[in-house]
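Note sheet for the following structure.
Only the coordinates and a few stated rules stand behind these numbers; no lab work does. None of the values given here were measured: they were computed from a predicted structure. Heads up, the Cβs are rebuilt from the backbone with ideal geometry, glycines too, and the neighbour counts pull from every protein chain shown.
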Amino acid sequence: MPSERAPVVVVMGVSGSGKTTVGSQLARRLHVVYGEADDFHPQSNVDKMAAGQPLDDDDRRPWLEAIGGWLAERRGEGAVATCSALKRGYRDQLRSRAPSTVFLHLHGDREVLEERMGRRSGHFMPTSLLASQLDILEPLASDEQGVTADIARSPDEIVEQFLVWWQDQGDE
Ligand SMILES: Nc1ncnc2c1ncn2[C@@H]1O[C@H](COP(=O)(O)OP(=O)(O)OP(=O)(O)O)[C@@H](O)[C@H]1O
Ligand SMILES: [Mg+2]
């Protein structure tokens, strides 16, 4: 039964949706390791981003492979990683390395996202970037293992919703 072991989870969503907040809290609740997507970029991507150049899908491939590899190594013991994973194709790349990955999609209204980002210090993201992320976003399809949570709820409630969902997976 899946729920008897710790899951391998990717917390996904657009920037400011709460991936770091919810993901680190979920990892603590599950007593598993936590990984931040940004830490998996090869140096070439870090350099590109530092130069203000957007990454393309070829740049993202080694990054997604690194995250997927990290998740695959933790199959059985469980893990939580953040990754925007906005496109189905990105999630397919993660699953190709770590097939048992389940997703927690943090989904919110544009107004809530803008308000959250406005409150956050040390981060700057123009509204146009949020709009483009929302355009790119492909929500979880019915054949993808995972659950979608409304970010209007508190991080505690979202973590609880995920744990209940995961428990249900074991009862089917
Ligand atoms: N469910 C929530 N309810 C209220 N505030 C939240 C919630 N989740 C996150 N926040 C707040 O929203 C802001 C953005 O959260 P966070 O940094 O976790 O998002 P993120 O998805 O990791 O962003 P990024 O993509 O830039 O890494 C933070 O100020 C955080 O405290
Ligand atoms: Mg984050």
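Please state the charge dipole magnitude for region 1-156, taken about the Cα centre, from unit charges on C-beta atoms (+1 on K and R, -1 on D and E), reported in debye and rounded to the nearest 20.
With Lys and Arg at +1 and Asp and Glu at -1, about 380 debye.
Which helices of the chain meet both criteria: a Cα extent of 20 Å or more along the helical axis and a mean Kyte-Doolittle score no lower than -1.0, with helices taken as whole DSSP H segments?
57-73, 155-171
Between Asp56 and Asp135, take the C-beta separation as r, use R0 = 22 Å, and let me know the FRET efficiency to the nearest 0.05.
Values: r = 16 Å, r/R0 = 0.73.
Efficiency computed from Cβ-Cβ geometry: 0.85.
Can you sort Leu134, Leu94, Leu86 so the residue with the fewest Cβ neighbours within 10 Å comes first?
Neighbour counts put them in this order, fewest first: Leu134, Leu86, Leu94.
For the chain, what are Rg and Dmax over the alpha carbons, in angstrom?
Cα-based Rg and Dmax for the chain come out at 15.6, 49 Å.
Connecting C-alpha atoms closer than 10 Å in a GNM of the chain, tell me which of Ile151, Ile136, Ile67 has the biggest fluctuation.
Comparing Ile151, Ile136, Ile67 in a Gaussian network model of the chain, the most mobile one is Ile136.
Suppose the chain between Glu36 and Met49 were pulled fully straight at 0.36 nm per residue; how much longer would it get relative to their current alpha carbon spacing?
Working it through step by step, the gained length comes to 3.1 nm.
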